[in-house]
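In what follows, a single structure is set out as structure tokens and then discussed.
The values are calculated or read from the model by the stated rules, or taken from the named source; none is laboratory data. Predicted model only: the values in this text are computed from it and were never measured. Note: ideal-geometry Cβ built from the backbone for every residue, glycine included; neighbour counts use all protein chains shown. Accessible surface is based on the protein model in full, side chains and every heavy atom, while ligands, DNA and RNA are left aside. Shrake-Rupley method; radii C 1.70, N 1.55, O 1.52, S 1.80 Å.
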There are 2 protein chains.
Amino acid sequence: MGAGFSSCSHTTTFFAASTTLFPHRSKSNFSTFNPHFKLLSQTLYYPKPTKITTSRSSSSALSPINSGGRAEEMKTQEEKSTQPMSDLHNIDPELIQRMAYDALVWTSIHGLVVGDKSVPRSGKVPGVGLVHAPIALLPMSFPENHWKQACEVSPIFNELIDRVSLDGEFLQESLSRTKMVDAFTSRLMDIHSQMLENGKREIEINTISASFPGLGSLVSELHRSLLNQYKEQLGLDSRRIPRNAAVNGFAEALAKAWEEYSNPRAVVMFVVQTEERNMYDQHWLSTEFPFSCFPQLCNTYDVTTIRKTLAEIDEQGVLQPDGTLLVGDQAIGVIYFRAGYAPTDYPSESEWRARLLMEQSSAIKCPSISYHLAGTKKIQQELAKPNVLERFLENKDDIAKIRKCFAGLWSLDDSDIVKDAIERPEFYVMKPQREGGGNNIYGDDVRKSLLRLQEEGAEENAAYILMQRIFPTIAPTYLMRDGICHKDHAMSELGIYGAYLRNKENVIMNEQCGYLMRTKVSSSNEGGVAAGFAVLDSVYLN
Amino acid sequence: MGAGFSSCSHTTTFFAASTTLFPHRSKSNFSTFNPHFKLLSQTLYYPKPTKITTSRSSSSALSPINSGGRAEEMKTQEEKSTQPMSDLHNIDPELIQRMAYDALVWTSIHGLVVGDKSVPRSGKVPGVGLVHAPIALLPMSFPENHWKQACEVSPIFNELIDRVSLDGEFLQESLSRTKMVDAFTSRLMDIHSQMLENGKREIEINTISASFPGLGSLVSELHRSLLNQYKEQLGLDSRRIPRNAAVNGFAEALAKAWEEYSNPRAVVMFVVQTEERNMYDQHWLSTEFPFSCFPQLCNTYDVTTIRKTLAEIDEQGVLQPDGTLLVGDQAIGVIYFRAGYAPTDYPSESEWRARLLMEQSSAIKCPSISYHLAGTKKIQQELAKPNVLERFLENKDDIAKIRKCFAGLWSLDDSDIVKDAIERPEFYVMKPQREGGGNNIYGDDVRKSLLRLQEEGAEENAAYILMQRIFPTIAPTYLMRDGICHKDHAMSELGIYGAYLRNKENVIMNEQCGYLMRTKVSSSNEGGVAAGFAVLDSVYLN
């Protein structure tokens, strides 16, 4: 099988309140929200999350993001300012309470739910211990031109990641030092090497499986519904919330990949954790929805899905001589990973055996090992170096667009930058190479860590990268958790979902297919990706 | 305002395994299921809840229900027996577990949920402490000709109840003795008398608000979905589960009533209990459903709904000189009662004041006092007497159809029947006059109670009626509660929902608009309406 599949996701950040665009990877720091949040590699955009307002003050703070961008942007703002907008933070508290009640009802009857961690069985048994997903009560204002740019760059990133994943030599070489300091990446690379040796250079290609296509899609529906219901009071236009078709796009991509596998009896296997409170997000992809316009797998595509843990796959999995993977007597056509990104998902050799078994099989993997490796920060950093993008992309416009997203990302081998970071640590963030750690280093700890690394020698350098620190605007927002609506200071991140599917000959699908807006409480006013309570949100184009 | 409205329900029972048809009222004995289950007056049909089977043995046990019925029925069975059916009780346990898992996922993401009583806030705050509603895993087999008959008789019952409710004299006279022994009915009658005195003879007419139009509709969708998904394994045809449009019908009826009120600023008010774990069933009627084909109020009709307790209505309600009811400055067009049927809903005079206030207003009430009174068992018993139906209906066919449903219902003034019941108490049930009590008397207690009443004198007789006892077939069924699927012995009841709306001149709506199948664990093998754990179910036409 030469089919490839990707339901992903890029690695750029646009920071609306700065003149530079920074690369940035989403982190697994959604832990307050969901302890099982998986790697979500996506384009992250930081809006200016201030109130929706008629004044131009907030929009004028936005920076041009390409040549001529300022003029274009100002025009857009001018056009928009003629439309009525309310100051959401002067809303009558009683109205807020009514909207909050309606939002809670909406979540309950539309499946915008997660497992409640205070109920022991809620991560294992569906239907018990349900609680509404943490959400923002209202959508977040976001500049329309940045939104368009984010959507435009999505397919280019898909293509780039695909081509990087195909270049085994580049991956192995770029990660050779990382391998020495990061045991987890090292294990992944071992599997990757084994595939290369087996002549599987053009193996199936995929990328990181992102969380929340299901629940994220619902939040934009909820917000659209509230804006319609309270149109008079809010004066907002629900059509300015872009449709979020992530769940459709993902289901379509999985179904098309399954078609490529060409075995009508094969199933789609979801690789899951043993406990998963975010299971309903996953089920939105795999379960039919009889009243729906969503093209879910069962209903629209007549594809059967099964759910297995890595340990179960090791126990029940058998590889047939022709490469077919059987799990419990069922042929697996497509493997969709919603587990396996964090070292904690591999408590024993059993899980690693399962991962290798799947990689050796002819099943279409989302992601394959090479995609998994292509998603590491080190690769991102390599791509940011001069002339590296040209190795993978031909179109100069595309290269320019991607390069804009790659400013402000450095290796610790760059002594000028390290020197500057020791002197002005407040402008940098140190990030571990591997995704999912969530242990970013800020402030004076950057200085201390860099000095320690300098003493200890260069080896450890490879485990970290330096990034220009982002200071997104912190603004009051209505957040809802556990049935309670409270106002808090928060910041937002926009991620764009993409789906990419290619077989040996052709690209079958390469689409921007949805988004995820996350709004986080800035508990310490630290800015950046401050750890803290996060909710699902949607975008209001401004 | 001369508009009337009914979202109801009748009072008949067809017992499939007997040659007689018994009248029977649904009881509030859903307590294991939901402590706030309200009066559900509806036609109840007892199917033979045995396994779905290819043999004719179960169907041949069904009785003719009209002249020529037997022949017709046998023909239907013959035609149907050519279609494949599985013996559901020989299903592979692993398949049962897979279906149970899928059913639990389905309930969670489609809002087939209730409040979990182990979570304190679950009856007050939406979105927290959710758990799937108790359901049967698979639909209950039911004879198609009985189904058709049940649907056919529904509009006739609507009309009958409407006409009875208009006959204030009949209501007061029939209930004069009940008034002396039942304090709750007595209070209702006082309000009714006051309305009659005020010349409100043609007041708004409505009937009992039935529970579960929302969740009941979902269960048939769930079962249809499972039968589709496991078509190969089960060999059942999902099209034999009738569409359950109860939520559509109720929403349409409420919206049409609101239109009749002719005040675009008026709202629909749901009268609710202070704690309500079945709130999502109610919200299905009042909340929009953006992906749906359901005509809910907000979405399709642009009608605003509010929720108030009786105490809140007393506190915030004001009657304007023109009869308009204002609650918190909002004009009330339609009042939909989901509380106020049980004496416990009136802990103080405040709640009674609220009930009177609403009755005095021009709002369209569902139900009005006269409909509430028309739903008492005593009225049913009066209607069963010779020549009483003729007072309300002209069409002889209609009268015959209704009369068939009124066999086996007697007053305690009928000395022959009382004598027989003392001798053979096992064939009778003693029921309290008032709905919602749930304290039916069975077995030897019938004899004791009748003897006690004979000693105490005739006054107390009026508080009870005697009914022929029904012995429905008990059969093993898969029931799901709290995330667990277990096989138990159970019996089922079918109720038909009707919606009826009339203004002074015309009947605007008179439809059979859905059904509710409830399956109950027969804990004691007592038969009849044995108290016990009950689940929501659907119908499989056989």
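For the reader, a short list of remarks on this structure follows.
- Loop-resident sites, region B:334-416, for GluC sites (Glu not before Pro), counting at most 16 other Cβ within 10 Å (DSSP): B:Glu394
- Closest approach to the axis carrying B onto A, counted by Cβ on chain B and given in whole Å with its residue, is B:Leu130, 2.
- At the listed q of 0.30 Å⁻¹, the Debye profile of region A:369-416, built from one uniform point per Cα, gives log10 I(q)/I(0) equal to -1.17.
- Region B:91-162 versus region A:104-129: alpha-carbon centroid distance in Å: 18
- Counting only DSSP beta bridges with both residues in region B:332-471, the antiparallel share comes to about 75 percent.
- Accessible-area loss of 50 Å² or more (1.4 Å probe, protein heavy atoms, chain alone versus all protein chains) is found in region A:94-136 for A:Tyr101, A:Val105, A:Ser108, A:Ile109, A:His110, A:Arg121, A:Pro126, A:Gly127, A:Leu130.
- Among the listed pairs B:Lys256/B:Lys504; A:Lys148/A:Lys396; A:Lys148/A:Lys401; A:Lys256/A:Lys396; A:Lys124/A:Lys377, a Cα-Cα separation exceeding 23 Å is found for A:Lys256/A:Lys396; A:Lys124/A:Lys377.
- Projecting 7 Å from Cα along the Cα-to-Cβ direction, the label point of B:Lys419 sits 11.8 nm from its equivalents in the other copies, listed shortest first.
- Distance-filtered residues of region B:118-139 - backbone nitrogen under 18 Å, label point 7 angstrom along B:Gln233 Cα→Cβ: B:136-139
- Net charge of Cβ neighbours under 12 Å - reference B:Leu383; Lys, Arg +1; Asp, Glu -1: +3
- Cα gyration tensor, region B:212-286 - rounded (a/c under 1.5), prolate or oblate: oblate
- Solvent-accessible surface (1.4 Å probe) assigned to B:Lys385 amounts to roughly 90 Å².
- Potential lengthening between B:Ile306 and B:Lys117 on full extension [0.36 nm per residue; Cα-Cα distance subtracted]: 65.6 nm
- Exposure of A:Asp482 as accessible area (Å², to 10), given a probe of 1.4 Å and all protein chains: 70
- Fraction of accessible area attributable to carbon and sulfur, region B:369-504 (%, probe 1.4 Å): 47
- Peptides A:330-340, B:485-495, ordered by how many other C-beta atoms sit within 10 Å of their residues on average, highest first, read A:330-340, B:485-495.
- Cβ-vector label at 7 Å, B:Glu456, separations to other copies in nm: 8.6
- Accessible surface buried once A binds B (1.4 Å probe; total of both sides; Å²): 3400
- Of the two radii for region B:375-522, the radius of gyration is 1.04 times the Kirkwood radius, both from the alpha carbons; that is the Rg over Rh value.
- For A:Gly129, the shell of other residues with beta-carbons less than 13 Å away shows a net charge of -2, using +1 for Lys and Arg and -1 for Asp and Glu.
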